[in-house]
1. GLY161 fails exactly one of the following numbered conditions: (1) out of contact with any Asp or Glu (no Cβ under 7 Å at 6 or more places or on another chain); (2) not in a loop (DSSP other than H, G, I, E, B). What is the number of that condition?
2. Under the condition of being outside any loop (DSSP other than H, G, I, E, B) and within 23 Å of GLY106 (Cβ to Cβ), which residue from the stretch 50-72 is nearest to the chain's Cα centre (by Cα)?
3. Report the residue count in the stretch 196-213 for those that are more than 23 Å from the chain's Cα centre (by Cα) and assigned to a strand (DSSP E or B).
4. Of the residues that sit in the stretch 187-213 and are without any contact (Cβ under 8 Å) to a residue 24 or more places away in the chain and over 28 Å from LEU133 (Cα atoms), which one is surrounded by the most Cβ atoms within 10 Å (Cβ to Cβ)?
5. List pairs: first residue in the stretch 35-56 and on the phi > 0 side of the Ramachandran plot, second residue assigned to a loop (DSSP other than H, G, I, E, B) and of a type in the set (Val, Ile, Thr) anywhere in the structure, Cβ distance under 7 angstrom, at least six positions apart or on different chains.
6. In the stretch 192-211, what residues are touching a Phe, Trp or Tyr at 6+ places or on another chain (Cβ under 8 Å) and either of a type in the set (A, V, I, L, M, F, W, C) or assigned by TED's automatic domain parsing to the domain that holds GLU114 (or both)?
7. Kindly indicate the residue of the stretch 166-186 that is hydrophobic (A, V, I, L, M, F, W, C) and within 14 Å of SER138 (Cα to Cα) and also surrounded by the fewest Cβ atoms within 10 Å (Cβ to Cβ) among those meeting that condition.
8. Is it fair to say GLY106 is in the same structural domain as ILE61 (by TED's automatic domain parsing) and either on the phi > 0 side of the Ramachandran plot or hydroxyl-bearing (Ser, Thr, Tyr) (or both)?
Amino acid sequence: MKNATQDVRVERRHATTPADEYNERNGPQKFLSSNEISTIEPFTFMGLPSLRYLYLNHNKIRSLESNTFVNMSKLYRLYLHTNEISTIEPFSFTNLPSLRYIHLYGNNISHIEEHAFGNLTSLSTLDLTGNQLNCDCSIFPFWSWLIKRSSIGTSSKCSNGTLVTSLQPAVLETCHPDNCPQCFNGGKCGAMGYELICDCIGQWTGTFCQGTM
């Protein structure tokens, strides 16, 4: 079996050596901070089901892909702060029943995809301080997820400083996926402000992508 760090792309120009440690109070921990890591391959840490604390802060991680953190049944606290993360893809966090704390402050997160955090049943704190989320219709899935989980403490804010949890349902009701127009010729439903429109491709244009240029 591969070592869990083999698929983590690391450039060690001024990096410290990763260290594993067992703490009697906290349990197994993995330290990968300050290693200039830019990419984490899917399933990299899946072979560490007993890991409790994972430190990936102060790196150069740019995005979290689907299945980045999956099937880590004992993971309790995850440190991802002070990276360069801009996007969190669907199912980046999957089957993590013990995860209580996710530290994502000090990144460049502007967009969180639907199902990014999945069903994190034990999550109590999601720290997104210092990220400026785009609060147009694209925020609707994340906003809906937070509203249904009012017990989660979060400091997530829009780029204008508004707390995501304070966004009014009346403003976002037009953003519900049920309000997506029927798009033709390969067009897809997309957000423009607080309105859902057809995003056309190729030569197609018009409200429903039925006209040509």
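The values are calculated or read from the model by the stated rules, or taken from the named source; none is laboratory data. These numbers come from a predicted model, not from an experiment. Cβ: placed from backbone, ideal geometry, glycine included. Neighbour counts: every protein chain shown.
1. Against the list (1) out of contact with any Asp or Glu (no Cβ under 7 Å at 6 or more places or on another chain); (2) not in a loop (DSSP other than H, G, I, E, B), GLY161 comes up short only on (2).
2. Here the answer is LEU64.
3. 7
4. Selected residue: TRP204.
5. Within 7 Å, the pairs are GLU36/VAL10.
6. CYS198, TRP204, PHE208, CYS209
7. Among them, the one singled out is VAL171.
8. Against the criterion (in the same structural domain as ILE61 (by TED's automatic domain parsing) and either on the phi > 0 side of the Ramachandran plot or hydroxyl-bearing (Ser, Thr, Tyr) (or both)), GLY106 qualifies.
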